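Notes for the one structure printed next.
Read-outs throughout are calculated quantities, based only on the coordinates presented, and are distinct from any laboratory measurement. Not measured: the values here are computed from a predicted model. Neighbour counts run over all protein chains shown; Cβ positions are idealised from the backbone, glycine included.
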Amino acid sequence: MESHATTFGVSNRKLAMWVFIGSECMFFGSLIATYLAYEGKSLVGPTPEEILNIPLTSVSTFILLMSSLSMVLALDAVQHDNRRLARIWLGGVIVLGALFLGGQVYEFAEFYHHGLTLQRNLFGATFFVLTGFHGAHVTVGVIWMITLLVMSLRGDLGPERAMDVEVAGLYWHFVDVVWIVIFTVVYLIQ
Amino acid sequence: MNPSTATTSPQAHESIYAGGLKSWLTTVDHKRIGVLYGVTALIYFVVGGVEALIIRVQLASADGTVVGADTFNQLFTMHGTTMVFLVLMPLSAALFNYLIPLMIGARDVAFPRLNAFSFWTFFFGSILLNLSFFIGDPPDAGWFGYANLTSKQYNPGMGIDFWLLSLQVMGVASIASAINFTVTILNMRAPGMSLMRMPLFVWMALVVQVLMLLAFPPITVAFIFLLFDRFFGTHFYIPDAGGTPILWQHLFWIFGHPEVYILILPSFGVVSEVLPTFARKPLFGAPFVIFSGILIGFLGFGVWSHHMFTTGLGAVADTAFSLATMLIAIPTAVKIFNWIATLWGGHIRFQTPLYFAVGMVSLFIIGGLSGVMHASPPVDIQQHDSYFVVAHLHYVFFGGTVFGLFGGIYYWWPKITGRMLGEGLGKLHFWLMLIGMNLTFFPMHFLGMDGMPRRIYTYAADLGWDQWNLIATIGAFVIAVSVLVFYVNALKSLRSGAEASGDPWDAATLEWTMSSPPPEYNFAEVPRVNSARPYWLHKYGPTRDISTRTRADGTPAQPEHPTERVDLPSPSGWPILAALALTGVAGGALVGLPAVLLAGAVLVFAVYRWAFQPLERVGHPTFGPDS
């Protein structure tokens, strides 16, 4: 139905992604609200002050922010039919997203060695579930980007397909913005 | 509506429902998907009804011994869960699916395959829920599933796992469907159909989609926490480790109260279509009805804690939620007065859809009034967990939603099936259901006031509750007979009902401008809309009082054949496979990790095949010139 004119002149898929993002706000909002409601309610340690590594997470936050820049450039390249740059910037999003995920895996493993598990206390449960679901969203995004890159490599990602990239980009930027909120709430405001 | 369009006589189309099982499994046609939703919901209506009847038989007299306490807990849990998620929501979804594209002048929804995925995900999820009967351990913690009733410690069986996993799956279906219909309503309207020209039913549907989008994520999160508590040993709801069961109540009711409006607003939409048609005049103050619906949806997110007055949230919270709750009475009353004013001075035709619509308004007023009583915390604390609340919620859900949706079924049945329902049986259905409903639920007000708690499986003889309970049980069987009358009426209609014309009620909206049932492509010509009542404008010219005019032409406004080439999306098997795999991921959690991973792999495979299957590929249905 994509080819037909729409009421608002905006693509159905783009509108759907915005609507989905609205729904996702309530999803992450509920997770973040629970984290805040349970902040300081843990009966045993480790506590956030003891364990959160702000310098490391600042670096991974910066990496994720840069991936959004790469995403914007990838969309621009696809729209202008610059296939070489499209592949470079899509690859950039994938590498930076994967680096962010690697940082999260490292962080989770570190915390685990310091005795913070899902079961240990409420901080562990709320922290791992909140950041874990964010990480799952990033993972889905990376897989999506890999799919787009493969399409590009096969020559299937011309400017007529720019909407595919734009919708994926909306998702990617949203996941990025959610991380800014999580980083602020969990790491910076303790 | 383009008045210059040549009109022709209704034409017998080859049935749009023809085709074997495969055509139904792979269909992406919103009309067929609507029928699938409707049939599934009407089957579950019997299941949930039988559960209710067993409950009523058990409570018919003191010291009942029909079922034990454990079975009783399972029955009211499955009755509530079934009626909310497997009957009322899918029945609304059936009408949304079938009618929204027709009412806004579209050839399908924005994402036809996502629509199929939504239905099948709901369908398989509902089966997963009911599979719990076959392992002999259905859920027993109430449809609200309060923590700690659901904790592993107090509820070690698998019933709660079935409940939470299946509801999680059905939540995905609801969100997918809500995205689809939000986009469809906003972005797929025919030229000229501005938002304020949209039929009221579509407006209420839009509010419901937004409520689903925003209300389902919190319950999803609540289920995720419960899942982690039960499967991975976290302590989200466990007080021993600092958690609080109240967290569940907050997350549940942030979903649960908007859910109340998700269940009632479709019925408001139906009534707002039926009353004008049968009063032969436009809906009184339609913009007020629209904005009241929006306001109800908006306020609905600010009242969840009125379900929690007895948890001790403190005076400030209680006051705020009490005031917000009372405020909702205002837009609701605006709607009711507008409906009454629509009937006032109308040339009313007393046919079955009107009976149900008027019944809905009347019964909903009773449920609404007892609802306002609950808005006051001191009163609510007295009534909390008593049968008074059971009476209230059934006046709203049965009197409001069920009557409204039956009104919709009687109204749109001819459009969907091409056959009329019997008027005599329809009115018999109405009167039996009205009497049965009041016999069943009105005495529960007295029982509640007399202190009978909800969810007890039996009561002692010296409490004096026998008489009203017996009356309620008799009423429940009258309801059952009335539903039976409906099913007989439906089967008779399908077999030998009078053939319906395209416009049997002389109605005002676009879905009546074509044959009944509509052709596969809906609109042979995309309509141009320049009125909120386009078909009345077409038939009667510009007037607000159609009763003084004679109908210009009784035939459909749509031409017989498409005037341009129409490409419809091809059927696809990937959505149903993806839905099955998604349910497999959830159900696999009860079996073991390998099952989850296997189902997950199938899910990824199906999603990729779906994503890379062109919507309109070789072999898709085409109509019209050059097809």
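Quick look at the numbers
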| quantity | calculated |
| --- | --- |
| For segment B:477-498 and segment B:209-243, distance of Cα centres in Å | 42 Å |
| Rounded tilt (10° steps) of A:122-153 against the dominant C-alpha axis of chain A | 20 degrees |
| Peptide-level mean, for B:229-236, of C-beta atoms on other protein chains within 10 Å | 5 |
| Expected-Rg normalisation [2.2 N^0.38 Å, Cα atoms] applied to chain B | 0.96 |
| Helix-only CD estimate at 222 nm, as mean residue ellipticity for chain B, using -39500 (n - 2.57) per DSSP H run (n ≥ 4) | -21000 deg cm²/dmol |
| Between helix A:83-113 and chain A: long-axis angle, C-alpha atoms, 0 to 90°, nearest 10 | 10 degrees |
| Unit charges on C-beta of K, R, D, E only; dipole of the protein assembly as shown, Debye | 1620 debye |
| Sequence-distant aspartates and glutamates (8 or more away, or on other chains) whose Cα lies within less than 18 Å of A:LYS41 | A:GLU49, A:GLU50, B:ASP229, B:ASP240 |
| Which listed pairs, of B:LYS22/B:LYS539; A:LYS14/B:LYS539; B:LYS31/B:LYS335; B:LYS335/B:LYS539; B:LYS281/B:LYS415; B:LYS335/B:LYS427, have C-alpha distances above 31 Å, in listed order | B:LYS22/B:LYS539; A:LYS14/B:LYS539 |
| Partner chain coverage, peptide A:127-137 - average Cβ within 10 angstrom | 1 |
| Options B:VAL87, B:ILE366, B:TRP431, ranked by Cα towards positive dipole end of chain B, top entry (Cβ charges) | B:TRP431 |
| Relative packing of peptides B:262-275, A:145-158, B:310-323 - highest average C-beta neighbours within 10 Å first | B:262-275, A:145-158, B:310-323 |
| Sites B:THR311 and B:TYR17 - FRET efficiency at Förster radius 30 Å, r taken between beta-carbons, to 0.05 | 0.05 |
| Pair B:TYR154, B:THR622: separation of 7 Å Cα→Cβ label points (nm) | 6.4 nm |
| Rounded if a/c under 1.5, otherwise prolate or oblate - the protein assembly as shown, Cα gyration tensor axes | oblate |
| Relative contact order of chain A, pairs being alpha-carbon contacts under 8 Å that are 6 or more residues apart, as % | 33 percent |
| For segment B:274-289, Karplus couplings with θ = phi - 60° (6.51, -1.76, 1.60), whole Hz, Gly/Pro x | 6, 4, x, 4, 8, 8, 6, 8, x, 4, 5, x, 3, x, 5, 5 |
| Rh by Kirkwood over Cα pairs, then Stokes-Einstein D for segment B:438-477 at 0.692 mPa s and 37 °C, µm²/s | 320 µm²/s |
| C-alpha long axis of helix B:89-104 to longest principal axis of chain B, angle in ° | 20 degrees |
| Residue mean of other protein chain beta carbons inside 10 Å, A:21-32 | 6 |
| Segment A:59-190 shape via C-alpha gyration tensor axes, a/c threshold 1.5 | prolate |
